[in-house]
Amino acid sequence: MERADLPPGLPSIAYNGARGVLSRNWTGSSTVPSRALYPHQWSWDSAFIAIGLRHLSPTRAQRELETLLSAQWADGRVPHIVFNPAVPLTAYFPSPDFWRSSTAGDKAGAPAAVETSGIVQPPVHALAAWLVHQADPAASARRGFLHRVYPRLVAWQRYLTDRRDLGGRGLASILHPWESGMDNSPCWDPPLARIAPVAADTFHRADLDHGCPADRPTDLDYGRYVRLAETYRDRGYADDADTHPFAVEDPALNALLIVSEHALARIATAVGADPADHLVRAEELTTSMLKRLWNPDAGMFLCHDVIAGEPIPERGVSGLIPLIVPELPEDVADTLVRTAVGEHFGLGGACRLAPSYDLTGASFDPARYWRGPAWFNINWLLERGLRQHGATERADALRAEALSAATATGFAEYVDPFTGEARGSQDFSWTAALTVDLLIEPLAEPLTEPLVAQEASSHG
């Protein structure tokens, strides 16, 4: 790490502990989420990791994103896993011999020199790239960082806005629950019910070798995940709208698309390109998300089942993530805040951190993966969204709880939303990275600045 000293005024246990996790999980070119359970590079993990790493080593943060983007497919997709060939196939399932990206994905432009998965994860990368650049603009300029990543980030955004508009409604769709990042949220249960699972004895779940079964998805869930992935693979990872058995418009993914367009506008200006297209797309996406996914009766955004042609009547935390969108109407933002602190999510009341699913929902489980536990990356996004829309005291309280829980649990993957008890893996990289960011960011420039649409200035 470049930064060896502790910035004045920061808690040494939290800062040094988080720094140690990131150092131990660094492979030389990227950071694994955890050494045991997740031994490869994950897409949105690396974006969140880079956001924290920028405070410790801007150069390493740049390399984190560059390594991920070097595995980008020719059609623009950034795969959700980039596999390390030195890791045994049995260490993680689905392994590279399941995805067969370099052969099954040949027509979609999968790279020949590296094996990846064939699906994607939410697009946090443009925001991460802009924040990493801001951490040390001179060093970024010397390495030509923005000039090199900008066209790749644009291609990634266009893949999502163009090829993944499966519903023809101006929004991107996920075609596998893993693409949401919120893998087994109850929001996916209704569309998943249509999927015939493969038999549990046809695959071996490496996650159960490292995690408590009560914390993980069920075998039935996994059987359906495998079926969807096999179907996509066997169709050459083609994104034809009428061939997918699962297609959902997810508010969190689309909110991050919008934030990424704002970040790309800033990057475009910095590299001498025209930011206008990004600002227009951000506005169009915001309009579509409000029109298609906002549900005033629920007090939040709801996922939309593209195949069934109807909203999914489940309150997942995904529906609160649009708080990070800068041009959200004030009444919508105020309603989201009320929902976050109300009976369904209990933020600041029953819950120390926002749960991943409705506290009153029939499928709520405070221990099982995305069916109730609190995640640090989600609470980081909510903290930034609350702060952006003027709920400063609530943001400060959430920040304090997140820092306390991260440090007390040894930077756990996720926690019980009521008690803060550790769940999942220990020494989890994005928990450590976002701890560093929450510690340092209030002492530096406001994070919200890159998210605000800027005038096109000389490019107008």
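Among the residues of segment 263-319, which ones are open to solvent by 20 Å² or more (accessible area, probe 1.4 Å), among the β-branched types (V, I, T) and within 21 Å of A129 (Cα to Cα)?
T269, V271, V280
Sort through R266, R281, R227 and tell me the only one that's farther than 30 Å from A139 by Cβ and basic (K, R).
From the options R266, R281, R227, the qualifying one is R227.
Among the charged types (D, E, K, R), assigned to a helix (DSSP H, G or I) and more than 25 Å from A110 (Cα to Cα): is that true of D162 in this structure?
no
Which ones in segment 234-244 are touching a residue at least 40 places away in the same chain (Cβ under 8 Å), open to solvent by less than 50 Å² (accessible area, probe 1.4 Å) and farther than 15 Å from G109 by Cβ?
Correct list: H244 only.
Using beta carbons and a limit of 6 Å, which pairs, at least six apart or on different chains, have the first residue in segment 157-180 and within 17 Å of Y232 (Cα to Cα) and the second one among the hydroxyl-bearing types (S, T, Y) and part of a helix (DSSP H, G or I)?
Once the first residue is within 17 Å of Y232 (Cα to Cα) and sits in segment 157-180, its partners that are among the hydroxyl-bearing types (S, T, Y) and part of a helix (DSSP H, G or I) give I174/S180.
Given R384, R399, which one is in contact (Cβ under 8 Å) with a residue 12 or more places away in the chain and open to solvent by 50 Å² or more (accessible area, probe 1.4 Å)?
Just one listed residue meets the conditions, R399.
R163 - would you say it is closer than 17 Å to R60 by Cβ, open to solvent by 20 Å² or more (accessible area, probe 1.4 Å) and either among the β-branched types (V, I, T) or at pLDDT 95 or above (or both)?
When the stated conditions are applied, R163 does not pass them.
Checking the structure you have, find out if any residue of segment 445-453 is open to solvent by less than 60 Å² (accessible area, probe 1.4 Å), of a type in the set (A, V, I, L, M, F, W, C), under 23 Å from A128 (Cβ atoms) and at pLDDT 95 or above.
Checked segment 445-453: no residue is open to solvent by less than 60 Å² (accessible area, probe 1.4 Å), of a type in the set (A, V, I, L, M, F, W, C), under 23 Å from A128 (Cβ atoms) and at pLDDT 95 or above.
It is to be established whether one or more residues within segment 42-54 are surrounded by 23 or more Cβ atoms within 10 Å (Cβ to Cβ), assigned to a loop (DSSP other than H, G, I, E, B) and modelled with pLDDT of 95 or more.
yes
Give the residue, chosen from T409, T431, that is open to solvent by less than 40 Å² (accessible area, probe 1.4 Å), among the polar types (S, T, N, Q) and without any contact (Cβ under 8 Å) to a residue 40 or more places away in the chain.
T409
Going through segment 60-83 one residue at a time, which ones are open to solvent by less than 10 Å² (accessible area, probe 1.4 Å) and assigned to a strand (DSSP E or B)?
The one that is open to solvent by less than 10 Å² (accessible area, probe 1.4 Å) and assigned to a strand (DSSP E or B): I81.
Looking at segment 338-356, can you tell me whether even one residue there is within 19 Å of L293 (Cβ to Cβ), assigned to a helix (DSSP H, G or I) and not β-branched (V, I, T)?
There is at least one residue in segment 338-356 that is within 19 Å of L293 (Cβ to Cβ), assigned to a helix (DSSP H, G or I) and not β-branched (V, I, T).
For segment 93-114, give me each residue that is in contact with a strand residue (DSSP E or B) (Cβ under 9 Å, 6 or more places away or on another chain), open to solvent by less than 30 Å² (accessible area, probe 1.4 Å) and in a loop (DSSP other than H, G, I, E, B).
P94, G105, A110
Can you name the condition, by its number, that L353 falls short on among (1) farther than 27 Å from A247 by Cα; (2) surrounded by fewer than 24 Cβ atoms within 10 Å (Cβ to Cβ)?
Single failed check for L353: (2).
Could you run through segment 1-36 and say how many residues are modelled with pLDDT of 85 or more and surrounded by fewer than 13 Cβ atoms within 10 Å (Cβ to Cβ)?
Number of matching residues: 3.
I'd like to verify a number: residues in segment 216-247 that are within 29 Å of D277 (Cβ to Cβ) and out of contact with any Leu (no Cβ under 8 Å at 6 or more places or on another chain), how many?
4
Would it be correct to say that A265 is farther than 21 Å from G76 by Cα and of a type in the set (G, A, S)?
no
In contact with a strand residue (DSSP E or B) (Cβ under 7 Å, 6 or more places away or on another chain), modelled with pLDDT of 95 or more and under 17 Å from A255 (Cβ atoms): does that describe W380?
no
Can you work out which of the residues in segment 321-370 that are among the hydroxyl-bearing types (S, T, Y) and under 22 Å from E413 (Cα atoms) is modelled with the lowest pLDDT?
Step by step, filter segment 321-370, then rank; the result is Y369.
Scan segment 236-251 and give yes if some residue there is farther than 19 Å from P94 by Cβ, part of a helix (DSSP H, G or I) and modelled with pLDDT of 95 or more, otherwise no.
yes
Evaluate the following for S117: is it within 22 Å of the chain's Cα centre (by Cα) and either buried (at least 16 other Cβ atoms within 10 Å of the Cβ) or under 17 Å from L53 (Cβ atoms) (or both)?
So S117 fits the description; yes.
Quick one: which of R24, R60 is under 21 Å from A263 (Cβ atoms) and over 19 Å from the mean Cα position of the chain (by Cα)?
Testing whether each residue is under 21 Å from A263 (Cβ atoms) and over 19 Å from the mean Cα position of the chain (by Cα) leaves just R60.
The values are calculated or read from the model by the stated rules, or taken from the named source; none is laboratory data. The model shown is predicted, which means the values in this text are computed figures rather than measured ones. FYI the Cβ positions are ideal-geometry reconstructions off the backbone, even for glycines, and counts take in every protein chain you see. With ligands, DNA and RNA removed, areas are computed over all heavy atoms of the protein, side chains included. Shrake-Rupley method; radii C 1.70, N 1.55, O 1.52, S 1.80 Å.
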